[in-house]
Amino acid sequence: MEHVAIFMAWPYANGPLHLGHVAGNCLPADIQYRYERSRGRSVIMCSGSDEHGTPITVTAEQENVNPQEIVDRYHEINNKALIDLGCSWEDNIDRRGIEYGGALYNRTTDPRHKELVREFFMELHDSGYLKQQTMQQYCSISSDGKTKFLPDRYVEGECPVCNADGARGDQCDECGSTYESSDLINPRSKMDPDAKIEIRDTEHFFFQLNKFQDQLEIHSLSKQKIWKPNVKAMTKNWLNMGLRPRAVTRDMDWGIGLPLSDKEWSTKRIYVWFEAVQGYLTCSRIWSEKFANADDWKKWWTKNSDGTEPKHIYFMGKDNIPFHTVIWPAIIMGLNSARSGTKPTSDIAIGDLVLESNVPAMEYLMLQGGQFSKSRKHAVWLPSFLENHDPDTLRYFLSINMPEGHDTDFRWEEYVDKVNNELISTYGNFIHRVMTLTHRIESPDGINPLAKYLNLGNHDEAELKISKFVNDAIDSMEKQRFKEALRSIMNISQFGNGLIQHSEPWKYINSEESTEKNESLSTLAFCWQVCKGLAVTLRPFLPFQSDRLWNMLGEKSEIDNLLYEDAFNFTSDIHWNSSKPMPLFARLDIENILEREKSIAGQDEEKIELKEQEVKYIDFEDFMKVEMKTGKVIAIDDHPNADKLYVVTIEDGPDSTRTVCAGLKGIYEKEQLLGKQVVFVANLKPRKLRGIMSEGMILAADDGDGKVSVLTLDSEMPNGSQVR
RNA sequence: AUCGAGUUGGAGUAGUCAGGUUAUCUCGUCGGGCUCAUAACCCGGAGACCGGUGGUUCAAAUCCACCACUCGAUACCA
């Protein structure tokens, strides 16, 4: 039997899922999973919550709770939302039997995951793929004596080459030079600028990615015909830059501890990027241990003795590509090499772990033209979406509009348009026509009135046409071209509508027996068979309606046992459900939806505002340290070197001016600001912003959602007046 | 500003890596038909200088160069 593993990038358990995650990962993975099962293959699907890493500790600190509480909460919420969306995570064991696989939505805080990661760590360590190296890293010591290592991006200071302020840890934007972060002058922590900061030696392990460069290039070459353009480009980029060792440990306390007993390692954890990707393998093993035989995972992970390999398909957004085409294959080759004692190779030996078959990374789903953003509240959250809408309608829209080749957009108007005019008008209506027409024909109880007309006419041509559509869909699905596949299936229902139109069965419903009647109703019977086929072939995309339809058709058999390629069987028996047929979907009303979404957005904002009111108070003395003054904008120019900056000259006294860089480009035209009296911070430490010294900051109101308004004066005041 | 991706009828989209007869499909629109069906369905028409300019070629949406615009990552900010 053919073995297939479907992997979906692990959602970060730091918030609820939004539609972007669904379109890019969750939905395509589930469609592929259901499709592969329906081809009779033995399939496992593995993913789960990514629960370690800094952002989760930051959220925990903000809410003043343990990080575990955060991840527990969001794991629960996201797991439920995915199941509500119809993703197949609920059936850990395939309904056809354990030999057909199953699914597991795990989490990286799972003790067994941690244990396996430590095991893999040791294997790589003992084979020389993890090298210890001393780093000099900044460490901040806050007033209460706590020390904390700071990643380079959280450190800034003066550039050792050109003395510009605001240089980052290892690179100066000013003169472009790079240097050791320890050379930085007057370094400070970006997160806590008052904290004492000093350089300390810290030991870390580095994964020797460079040792895999050649083999990864060979591997990448072998995938050129399979990978999508974005995957090829991103991978090539990484390989061309030259691979360097990458740190796999960090100084922090939330994460997986190292499998080394030395005391110096007790304050360090395995870097989340290194550990979370291994979840694909650990989750497969954990699934085996929990639901099958402990060694069964090998069927989906190792090359068979006959030379065949299980198929691995990874779903993710474009930001994740290098992790799946460079880093993860390198780790797998590392593990293979460690176990066999041979050199790393992309030429997988029998019994070794296999590399990915395809990485059909998605581009991004945008929301009304802008990117989904948690902090800017610009998102449609999956849980709240599902409270109000049929999951199949979302699955339809995101499938037919999937960001396969480039970014696509979620707009409520388009969602309503596609659902009403395509899904319901074409497909829903075809089903409903067949159902209601058939139910009007008189027939003894419990028998499908079309049964006696089945196979009376000649439908060879129609059969041929339909099997062409199905084969097209199968070809598309094998290449993970979901839009194309769904379109092919939808064409079948349009074709079915044509059949009904031409055969005019409504004319013969309860008429006298005649040749015409036999012909017409045999076409209707044929369409009944088409409905059965559609229930099966549309199932990967729209599972809920598939169940409803199957029930309306009076089918009692397990639909999951039917093969995709046999879905349209025109000689099979037809059954009967005497209850009145109901439309598969309800029409959507754009006015209602916009109304509701507006009010949901409003609620969210209120909630967040309440939260912001809980901020810490500052002392009056602290406030008085900020010196704000008035000034007049007397000149304004574009910043030569930055997109969003203006260089503003402010008259801040009778005979003095100062230059301030302000991030107002794109918000104000130059003329709108020229001559205005504004308020600025006068005693802000001057600092160069992308090459130009800025001596202060113009005050402006910001609603957090892109709307900005500069503070001006109610009446003319002398320049340089105090503001308090 | 740097790097990466994209730009195809009113909207969305296929085709671009492997150049070649009337440039795909869906929606919308217009005309006709049907009346079983959720104002639905069926047939037909109109509508595209394939972002711009130049080049390579017998032949360019497709290859090359430059430019414009959009999106993303990074930087900058309020």
* To do: Considering only protein heavy atoms, with the full assembly of protein chains and a 1.4 angstrom probe, order A:Asp589, A:Asp262 by accessible area, largest first.
  => A:Asp262, A:Asp589
* To do: Report the local net charge at A:Asp295: Lys and Arg +1, Asp and Glu -1, summed over other residues whose C-beta lies under 13 Å from its C-beta.
  => +1
* Rounded to the nearest 20 debye, dipole of the stretch A:430-577 from Cβ charges on Lys, Arg, Asp, Glu -> 520 debye
* Structure fact -> Helix-only [θ] at 222 nm, chain A, -39500 (n - 2.57) per DSSP H run of 4+, per residue, nearest 500, equals -11000 deg cm²/dmol
* **Rg over Rh [alpha-carbon atoms, Kirkwood Rh] for the stretch A:1-147** => 1.08
* Asked: Given that compact globular proteins tend to follow 2.2 N^0.38 Å, what is the ratio of the alpha-carbon Rg of the stretch A:422-544 to that value?
  -> 1.11
* Asked: Which length gain, in nm to one decimal place, applies between A:Phe623 and A:Thr308 when the Cα-Cα distance is subtracted from 0.36 nm times their residue separation?
  -> 106.4 nm
* Relative to the compact globular guide of 2.2 N^0.38 Å, what is the alpha carbon radius of gyration of chain A, as a ratio? -> 1.16
* To do: Could you order A:Trp301, A:Trp381 so the one with the most accessible surface comes first? Probe is 1.4 Å.
  => A:Trp381, A:Trp301
* Structure fact -> With label points set 7 Å from each Cα along the Cα-to-Cβ direction at A:Trp506 and A:Ser467, the distance between them in nm comes to 3.3 nm
* Asked: At a probe radius of 1.4 Å, what is the per-residue accessible area of A:Leu464, in Å² to the nearest 10?
  -> 130 Å²
* Charges only on Cβ, +1 for Lys and Arg, -1 for Asp and Glu: so what's the dipole of chain A about the Cα centre, in debye to the nearest 20? -> 1100 debye
* Put A:Ile574, A:Ile331 in order of accessible area, largest first, 1.4 Å probe: what do you get? -> A:Ile574, A:Ile331
* Rounded to a whole number, what is D in µm²/s for the stretch A:24-96 from Stokes-Einstein with the Kirkwood radius over alpha-carbon pairs (4 °C, 1.567 mPa s)? -> 92 µm²/s
* Asked: What is the magnitude of the charge dipole of the stretch A:475-536 about its Cα centre, with +1 placed on the Cβ of each Lys and Arg, -1 on the Cβ of each Asp and Glu, and no other charges, expressed in debye to the nearest 20?
  -> 420 debye
* **Solvent-accessible area of A:Asp547 with every protein chain in place, 1.4 Å probe, in Å² to the nearest 10** => 80 Å²
* Once the other residues with Cβ under 11 Å from the Cβ of A:Ala635 are scored (Lys, Arg +1; Asp, Glu -1), what is the net sum? -> 0
* Asked: What longest range of chain A stays clear of loop-exposed GluC sites (Glu not before Pro) (DSSP non-H/G/I/E/B, at most 15 other C-beta within 10 angstrom)?
  -> A:181-441
* In the stretch A:222-321, which trypsin sites (Lys or Arg not before Pro) fall in coil by DSSP and have 13 or fewer other Cβ atoms within 10 Å? -> A:Lys225
* Asked: So how exposed is A:Ile218, as accessible area in Å² (1.4 Å probe, rounded to 10)?
  -> 90 Å²
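The values are calculated or read from the model by the stated rules, or taken from the named source; none is laboratory data. It should be emphasised that the depicted structure is a prediction, and the values quoted were computed from it without experimental measurement. Cβ atoms come from the backbone with ideal geometry, glycine included; neighbour counts cover every protein chain shown. The protein model used for the area step is the full one, side chains on, heavy atoms only, and it has no ligands, DNA or RNA in it. Shrake-Rupley method; radii C 1.70, N 1.55, O 1.52, S 1.80 Å.
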